[in-house]
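The values are calculated or read from the model by the stated rules, or taken from the named source; none is laboratory data. Worth saying up front: this structure is predicted, and the values here are computed from it rather than measured. Because the Cβ atoms are built from the backbone with ideal geometry, glycine has one as well, and the counts that use them run over all protein chains shown. The accessibility values were calculated without ligands, DNA or RNA, using every heavy atom of the protein model including side chains. Shrake-Rupley method; radii C 1.70, N 1.55, O 1.52, S 1.80 Å.
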Amino acid sequence: MGALLAGGTACTSPDDSRIVVTTNILGDVVTEIVGDEAEVSVLMKRNADPHSFAVSAREAHTMQTADLLVYNGLGLEEGVLRHVEAAKAEKVPTVEVGTRINPMEYQDGDAAGLPDPHFWTDPTRMVTAVRLLADEIVEHVDGVDARVVRERADAYAKKIGELEADLARRFAAIPAERRVLVTNHHVFGYLADRYDFRVIGAIIPSGTTLASPSSSDLASLVTAIRT
């Protein structure tokens with residue numbers, strides 16, 4: 001897919017290899033791992049809502065001609081999933097990271113029991129994601145130096161491990177009874193589980209920002225906050 005034919009010989013270079021990533025969160029991770037070994041195209045712009053962003057026809061074509069397509073999955077990229085399926089139909093290697101890092105289920109709200117896609121709020125799971133992505137890149141992207149990719153992945157995983165230790169130390173200083181969260185929607189379940197927080201409510205009692213709170217939802221949240 002990234003090969004150039006010259007005189008009957010297939011040649012590849014990092015410039016020919018393209019990894020397409022749906023979210024800027026995973027885009028940052030993939031970019032850190034590959035460095036200059038491959039071109040990384042990130043579809044979601046910074047500060048965009050992962051639940052509602054969409055792609056252009058040109059970006060959809062880019063997905064269908066990639067060497068590797070990386071997406072969060074678990075229902076996060078609601079406006080992009082049909083293009084992911086189209087890329088799969090074109091035999092593009094894809095990796096749904098969310099299904100591979102021991103995903104949790106929502107515990108509250110109208111999404112209770114469904115898989116929670118917001119795994120990046122848990123640094124430990126992100127280390128798993130880094131290892132997974134390094135393996136997928138080495139396997140599917142022609143022209144990359146496997147040694148360089150794995151060394152960069154190891155270095156990045158070490159940084160995330162240091163972040164995890166720092167977060168654990170900082171959160172441990174908060175008394176257990178004060179370790180509670182109110183969020184805009186159910187997005188910090190993984191962080192709460194990792195660091196022993198309680199999520200007492202969300203303005204939008206759903207796993208997606210595309211839902212809307214009712215007046216009774218907001219009244220219940222006010223009661224929970226006051227309590």
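Tabulated data for the structure shown
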| read-out | value |
| --- | --- |
| Complete set of residues in region 18-44 that are among the charged types (D, E, K, R) and either in contact with a Cys (Cβ under 6 Å, 6 or more places away or on another chain) or not in a strand (DSSP E or B) (or both) | ASP28, GLU32, ASP36, GLU37 |
| Conditions (1) under 23 Å from the mean Cα position of the chain (by Cα); (2) modelled with pLDDT of 90 or more; (3) more than 21 Å from LEU76 (Cβ to Cβ): number failed by PRO175 | (1) |
| Failed condition for GLU39, given (1) open to solvent by 60 Å² or more (accessible area, probe 1.4 Å); (2) within 30 Å of GLU105 (Cα to Cα) | (2) |
| Residue within region 4-17 that is modelled with pLDDT of 90 or more, part of a loop (DSSP other than H, G, I, E, B) and open to solvent by less than 40 Å² (accessible area, probe 1.4 Å) present | no |
| Boolean, ASP110 is charged (D, E, K, R), within 27 Å of GLY161 (Cβ to Cβ) and touching a residue at least 12 places away in the same chain (Cβ under 8 Å) | no |
| Positions within region 140-189 being of a type in the set (Lys, Arg) and open to solvent by less than 40 Å² (accessible area, probe 1.4 Å), in sequence order | ARG179 |
| Every pair of residues 6+ apart whose Cβ atoms lie under 7 Å, when the first sits in region 140-166 and is in contact (Cβ under 8 Å) with a residue 24 or more places away in the chain and aromatic (Phe, Trp, Tyr) while the second is open to solvent by 50 Å² or more (accessible area, probe 1.4 Å) and assigned to a helix (DSSP H, G or I) | TYR156/GLU32 |
| Filtered residue count, region 39-80, keeping only those that are touching a Ser or Thr at 6+ places or on another chain (Cβ under 9 Å), in contact (Cβ under 8 Å) with a residue 60 or more places away in the chain and among the polar types (S, T, N, Q) | 1 |
| Residues of region 88-118 that turn out to be open to solvent by less than 30 Å² (accessible area, probe 1.4 Å) and touching a Phe, Trp or Tyr at 6+ places or on another chain (Cβ under 9 Å), as a count | 6 |
| Of all residues in region 119-131 being open to solvent by less than 20 Å² (accessible area, probe 1.4 Å) and of a type outside the set (S, T, N, Q), the one that is nearest to VAL29 (Cα to Cα) | VAL130 |
